[in-house]
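What follows is calculated from the coordinates using simple rules that are stated; it is not laboratory data. Bear in mind that the values here come from a model prediction, so they are computed numbers and not experimental data. Because the Cβ atoms are built from the backbone with ideal geometry, glycine has one as well, and the counts that use them run over all protein chains shown.
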Number of protein chains: 2
Amino acid sequence: MHVKWFLTHDGGFMARVIDLTRTIEAKMPVFPGDPEVDFFSHHTHEATGYCVSRFAMGTHTGTHIDVPLHKIASGMPVDEIPLERMMGRAVIADLRDLKKNEEISIKHLEAWENELKDCSILILKTGWSEHFGRDDFFCGFNGISQEAAEWLSRKKLSMVGLESPSVHPVTHQRIHQIFLKSNVLVVETLCNLESVKQTTVQFFALPLKLKGLDGSPIRAFAVEE
Amino acid sequence: MHVKWFLTHDGGFMARVIDLTRTIEAKMPVFPGDPEVDFFSHHTHEATGYCVSRFAMGTHTGTHIDVPLHKIASGMPVDEIPLERMMGRAVIADLRDLKKNEEISIKHLEAWENELKDCSILILKTGWSEHFGRDDFFCGFNGISQEAAEWLSRKKLSMVGLESPSVHPVTHQRIHQIFLKSNVLVVETLCNLESVKQTTVQFFALPLKLKGLDGSPIRAFAVEE
């Protein structure tokens, strides 16, 4: 089978690639209590003829993935998750009509049940990424209700993707546990979803292969055909 | 166009995804003079109910990408490279018959010229990844000759991918400059190429979106159809 849409990177490229990743920069906002992001110059063009930098950050910085070890002591670390789990056909559920602080419940998700049959990933387009950098980004978002999290876990999804920095502003511990115990990976702090026009896309969430760690910043993108 | 091979992540998945990324771990071997890799525990299950780690490393750790800023002070940083540049159809050139220290010359590459016409990426399968962790990994590999680097740059490739940690064990400064001045991105320290059976594949090299930096560790993989 010849997949034309990845034939070449320019003229012959027959798909639209949409970057859904927030840029990582020193001292960017991070989840309260998480490590800061630091960049350091290591080799410079002047001194060595080439530039090498050092960077330090937390595993849940910017656009990132939560894997079972994040919440479960015996859970799988990020380097052991097969790559196939972190890509696949995704539904982009438009939930931008939700009120501030309204919980995402089963009734909001049922509208997308038909599309979900052919997909392994659900992405909740709430518009929350607009709040990045504001005071309320880490606390005022639409959380996923316990019933909705359980409903999604029963669907045996591979991943759930969010614009918010967590799954719930209050009961995040409980909701994380529901997803990660069911082996549903959670992608947080997606951005640029307003550029996605299709209801279903190919979605990729590629973490660093960090041995034994509980998550990783990712490069996330959608491909529209 | 309905791309079946990414329909679902399990039963319906009609392609083979091959991870070409070396696992990143604390104190792993790095290019001489580069920053060490460090992992730190930050939040623990016992103390906070969830696990978050901090990690620090150089921009050229493990399987990574070199972008123009690595060698050219006014060159493009990694966060500004469009994602389309870091994926596409690739030729896997089998060069495992080369002798130790033999330079990769135009004559070795000309055999793949026909396949390259439909591809934007060239990957040199030299078998060198077997040497990772041995004393000679950073110094004994097959370098790309100046003429071969210029020949490849004239092909206007998007990327060149290597199993070795650099483009040449001796004249790496000069060879990097040829590629990066021509805007050919360089991927280094690929592994697991022996698992790739096809001559052409879809290749992906996804870096972190690190603002203003000179490269990044990547998640690299091939998709066979």
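Quick look at the values:
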{"read-out": "Among the candidates A:Asp118, A:Asp135, residue that is in a loop (DSSP other than H, G, I, E, B), more than 26 Å from A:Asp79 (Cα to Cα) and at the interface with chain B (Cβ under 9 Å from one of its Cβ atoms)", "value": "A:Asp118"}
{"read-out": "Breaking point among (1) farther than 18 Å from B:Phe31 by Cα; (2) in contact (Cβ under 8 Å) with a residue 40 or more places away in the chain; (3) touching a strand residue (DSSP E or B) at 6+ places or on another chain (Cβ under 6 Å), for B:Trp151", "value": "(3)"}
{"read-out": "Single condition A:Ser164 does not satisfy, out of (1) within 18 Å of A:Thr63 (Cβ to Cβ); (2) surrounded by fewer than 19 Cβ atoms within 10 Å (Cβ to Cβ)", "value": "(2)"}
{"read-out": "Output for the stretch B:171-204, where each listed residue is among the charged types (D, E, K, R) and within 22 Å of B:Thr21 (Cα to Cα)", "value": "B:Glu188, B:Glu194, B:Lys197"}
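Matching residues to (1) more than 30 Å from B:Gly62 (Cα to Cα); (2) surrounded by fewer than 24 Cβ atoms within 10 Å (Cβ to Cβ):
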| residue | (1), (2) |
| --- | --- |
| A:His60 | no, no |
| A:Ile72 | no, yes |
| A:Glu84 | no, yes |
| A:Leu95 | yes, yes |
| A:Asn101 | yes, yes |
| A:Ser105 | yes, yes |
| A:Trp112 | yes, yes |
| A:Ile121 | no, no |
